[in-house]
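The values are calculated or read from the model by the stated rules, or taken from the named source; none is laboratory data. Nothing here was measured: the structure is a model prediction, and the numbers come from that model. A quick note on method: Cβ atoms are made from the backbone with ideal geometry, for glycine too, and the neighbour counts reach across all protein chains shown. Side chains included, ligands, DNA and RNA excluded: accessible areas come from the protein's heavy atoms. Shrake-Rupley method; radii C 1.70, N 1.55, O 1.52, S 1.80 Å.
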Amino acid sequence: MALLLVLVHLFGGYGARSGGLVEAERLFYYPVQLLGTALVLVVVSLIVEFEFRTRSSQIGCAIALVALIGVTAPYAFLILVFGGDGRPVKRQAHPEHPDRTLTVTDISGSIDPFYRVEVLAGTGWSARHWELGEWGEGSGHGSYQSAEWSGPDRITVTSDEEVAVFVLDPATGRPGTAQVTRR
């Protein structure tokens with residue numbers, strides 16, 4: 001059962017990458033819950049199957065549990081603090097293609113905003129999300145100011161340091177390489 005949960009998590013993680021399926025990420029990408037449950041199942045199976053009559057088996061089980069918790073606790077803490085979908089800031093459908101949507105999400109875990117800009121292409125189970133980039137302090141792109149549909153199959157993202165123009169493939173909605181102009 002724990003292996004099945006890890007496989008579900010991997011499928012959701014595959015959907016979370018740029019170009020991945022939106023529904024796969026939405027339904028199956030819950031790292032803390034899935035991997036935590038898998039960990040609990042492994043620990044329960046160890047306890048059920050272990051022989052606790054000898055002192056060495058009790059010490060060995062205690063050492064294994066402490067090591068398991070020591071390895072997974074920092075990972076779980078980082079996911080809880082810095083993970084998550086972020087706070088949606090903007091969602092704008094393309095004027096001529098209602099199946100394409102520009103989204104801006106504040107993904108920072110602190111006061112300083114850090115924005116991820118994506119385009120969603122398609123509908124239903126075949127919908128994919130394509131990451132255009134991340135803007136914020138320390139991103140190398142400058143602080144995010146705006147993201148707009150600037151023409152048919154064209155998105156312009158403006159920051160305090162640059163203007164990036166992305167041209168989308170008319171058939172799939174996949175973005176090409178950005179044409180960046182420094183300000």
Do you know the relative contact order of the range 129-183, to the nearest whole percent, from alpha carbon pairs under 8 angstrom that are 6+ apart? 25
Suppose a student asked you for the relative contact order of the chain, using Cα pairs under 8 Å spaced at least 6 residues apart; what percent would you report? 14
Can you tell me the Rg and the Dmax, both Å, for the Cα atoms in the chain? 21.8, 73
Counting every C-alpha pair in the range 114-183, the percent lying more than 18 Å apart is 35
Could you give the size of the charge dipole of the chain about its Cα centre, using +1 on the Cβ of each K and R and -1 on the Cβ of each D and E, expressed in debye and rounded to the nearest 20? 380
Please calculate how many Å² of accessible area the range 1-83 carries per residue, with a 1.4 Å probe and no DNA, RNA or ligand atoms counted. 68
Using a 1.4 Å probe, what is the accessible area per residue for the range 102-172, in Å²? 45
Distance in Å, no decimals, from the C-alpha centre of the range 33-47 to the one of the range 121-168 is 40
On the principal axes of its Cα set, how long, how wide and how thick is the range 81-162? Give whole Å, largest value first. 35, 29, 16
So residue 171 and residue 67, fully extended at 0.36 nm per residue minus their Cα-Cα distance, gain in nm 32.4 nm
With the dipole of the chain worked out from charges on the C-beta (+1 for Lys and Arg, -1 for Asp and Glu) around the Cα centre, which of 167, 104, 124 lies farthest toward the positive end? 124
Theoretical gain in end-to-end length, residue 156 to residue 179 [0.36 nm per residue, Cα-Cα removed]: 7.3 nm
Please compute, for the alpha-carbon atoms of the range 1-83, the extent along each of the three principal axes and give them in descending order in Å. 53, 25, 13
Accessible-area composition of the chain, carbon plus sulfur, in percent [1.4 Å probe]: 62
Dipole-positive endmost among 136, 13, 2 within the chain (Cβ charges, Cα centre): 2
